[in-house]
Structure formats: C-alpha cells, structure tokens
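The values are calculated or read from the model by the stated rules, or taken from the named source; none is laboratory data. Please read all numbers here as calculations on a predicted model, not as lab measurements. Positions of Cβ are generated from backbone atoms using ideal geometry, with glycine treated the same way; all protein chains shown enter the neighbour counts. Side chains are part of the model used for accessible areas, which takes the heavy atoms of the whole protein and leaves out ligands, DNA and RNA. Shrake-Rupley method; radii C 1.70, N 1.55, O 1.52, S 1.80 Å.
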Amino acid sequence: MKAMLSEAPGGPATLVLKEIDTPQPGKGQVRLRVHAAGLNFPDTLIIRDMYQMKPPRPFAPGGEVAGEIEAVGDGVTGLAPGDRVLAMTGFGGFATHVVADAAKVIKIPDNMPYDEASCLVLTYGTSHHALKDRAAIQPGETLLILGAAGGVGAAAIELGKAAGARVIAAVSSEEKAQFCRDLGADETLIYPRELDRDAQKEFSAQIKKLAGGDGVDVVYDAVGGNYAEPAVRALAWKGRFLVVGFPAGIPKLPLNLTLLKGCQIVGVFWGAHTAREPDAHAENMQDLFRMYAEGKIKPRISASFPLEKAAEALELMQDRKVLGKVVLTVD
C-alpha cells in the first residue's frame, strides 16, 4: 500500500509518499480500500504535534475516509467485504488502505459518491451536534457563523437553515460571502484579516445591525482569536456562544459579559461526544443521512487532489483559502 507519511513534526511539505506493508485488521476492525479522504483543519495540526492526538511516527494524517471494505477481523458483525462505507479513523486516511474500528464505520447509500461520503461525518457531525445538542437552536432564532465558508461553517449554514434559523455568515472576502449566499445564508458580513480594538467594536456593531433586536441568539465560532469577543458582545439575552475552533488563536473573553447578557459559553467537542454518547451520535448520523436524502445538505467540494499532492491540499487548508471541503481522491 501507499501512504503520505509524517516522519517528523512539520508542515505539509514534510509529508512523504512511501510504500509500506498493507495492514491486517485485528479483532473488531475492518480494512478499507480508500477511495476518498476528506481534509479537515486538525490534519494541519496533527503533523506539527499541535493536536490533542499525537500518533507515533511514522503515520499518515487523515481522519475521515470513504471506501470499500476489503477484509474484516474477528468479532465484526454487520459489515462484510464489498460494503461501501465511510469511517472515522483519527489518522491514517491519507493512504490507499487503512484499518478502522468497526464501531466507527458506517455503511453509505448506494447513490452517495465516495468523495461526498468522505466529507460528511466530521463537518456535518460537528455542526449538527453543536446546533442541535449544544445550542438547542430553535426556528426563528438568528445564528451568526464565524468562518462560515470553511468545512464546518458551510455545514452550519445548511443545518441552520434546515433548523429554521436566520443565518448570518461572517467571512473574510467577497468570494467567500458569495459562496455562503449560494449555500442559503440570509446575510453575509465581511470582517478584516486583523482586528484591533476599534475594528472589534465596529465588527460587533455590524453584527447587531444585521441581527436587529437585541442581537444574535447563537454564535458558531470556528475562528477564535480577536473575533470572539465582538461576537459575544453581539449576543442577545440568553444567547449561546459555541466554541468550535481556534485557527486565529485561543481567545480571552471578559466573563462579565456572560453575567450582563445571561448568556452561555458552550464547548463543542464532537470527538468526545461520539465516544461518550454513542447512541446520541448514532441518532445524529441518521438525521444527517435523512437530510442528505432530502437534499437539505450536500458537501460542497471546492477542490480535489490525488494522494501524492496531499501537501498542496493541506496548504490550502492551513492558509484558510478553502471554500467548503477539499478531498484527496485515491485510485
């Protein structure tokens, strides 16, 4: 088999394509012939040893794949060679083959392409868990999404609209704003690449103006940094601020704002949710397959790269130039 390996901590350019032994599935595992691997921001961190998961080297990044089962280990039921599936692997997905725990493998509909299947679980799973379980978003509420043109942000637009919310998409360029409008965002807001104190105040005022009334009911923050505080300041009474990611840095928030607004700052750790609450995760996955079948959600793939160009694909991700999703196709 072939894999794009991280042999030492570093950026995308440190990945090397090598041939290694094809793994055999152990007890409770299956081996997949990978057809597509979805890229996610954690892939840019794990190769730098900046993610909470630190696999022993050498390893291939790639936590989300779709393909065909080739072999099953002892004790596996309900899955068989030839099944079309998606899998959450944590790492190892940038390869022609990968072994995954059977519990993290899900059959996909016959009409779902492998590339779309490889983009479904992490982004839509994160955003559905955030909006449904953590924010309990309601029809008619206003949702602000920071970093709305990225993978989880784009998923949040579609899921917010499916939940009956009014969606404000905040992004860094007009190109991204148009992308969000095409996804169904009701309003868009372009923020500057850098926010000083005056720019933060202006950003908060713009959010409030678009929201009307007291402000936004839910903030989905997939950016962090200096963008978080002005968004909290734009929350309505009893608003919910969802902590999703920090590509712009980990923010520091004045907690007196939570008192003044009666608001909540709510963590969204989807990976832990899937492990600790498997029944709720399974229910959410059924929701996503239903919405996919109904045409309410559809992964937006803006670029596809062959396996050997994984570094180029990851550079797009780390430079925040991605619209929707980027996929590796594995022949």
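Looking at segment 231-260, which of its residues are surrounded by 15 or more Cβ atoms within 10 Å (Cβ to Cβ) and free of Cβ contacts under 8 Å to residues at least 40 places away in the same chain? Don't jump to the end; show me each part of the working.
Residues of segment 231-260 that are surrounded by 15 or more Cβ atoms within 10 Å (Cβ to Cβ), as a first pass: 231-236, 239-248, 251, 253, 257-258.
Passing the criteria: Val232, Arg233, Leu235, Gly239, Phe241, Val243, Phe246, Ala248, Pro251, Leu253, Leu257, Thr258.
State yes or no: is Ala148 within 28 Å of Glu64 (Cα to Cα) and outside any helix (DSSP H, G or I)? So Ala148 fits the description; yes. Selection within segment 97-131: residues that are among the small types (Gly, Ala, Ser) and in contact with a Leu (Cβ under 8 Å, 6 or more places away or on another chain). The member of this set that is nearest to Gly153 (Cα to Cα) is Ser127. Checking each residue in segment 63-100 for being assigned to a strand (DSSP E or B) and surrounded by fewer than 23 Cβ atoms within 10 Å (Cβ to Cβ) picks out Glu68, Glu70, Ala71, Val72, Arg84, Val85, Met88, His97, Val99.
Within segment 172-223, restricting attention to residues that are over 23 Å from Cys263 (Cα atoms) and touching an Asp or Glu at 6+ places or on another chain (Cβ under 8 Å), the residue that is most open to solvent (accessible area, probe 1.4 Å) is Ile190.
Pairs under 7 Å by beta carbon, first residue at positive phi in segment 178-203, partner modelled with pLDDT of 95 or more and open to solvent by 30 Å² or more (accessible area, probe 1.4 Å), six or more apart or different chains? Short answer, once both residue conditions are applied: Gly184/Lys161. Screening the candidates Arg48, Arg31 for the property of being in contact with a Pro (Cβ under 8 Å, 6 or more places away or on another chain), touching a residue at least 60 places away in the same chain (Cβ under 8 Å) and of a type outside the set (A, V, I, L, M) yields one hit, Arg31.
When the criteria are applied in full, Ala169 fails the requirement of being open to solvent by less than 20 Å² (accessible area, probe 1.4 Å), touching a Gly at 6+ places or on another chain (Cβ under 9 Å) and over 19 Å from Leu235 (Cβ atoms). A single member of Val268, Val330, Val322 is of a type in the set (Val, Ile, Thr), more than 21 Å from Lys107 (Cβ to Cβ) and at pLDDT below 95, and it is Val322.
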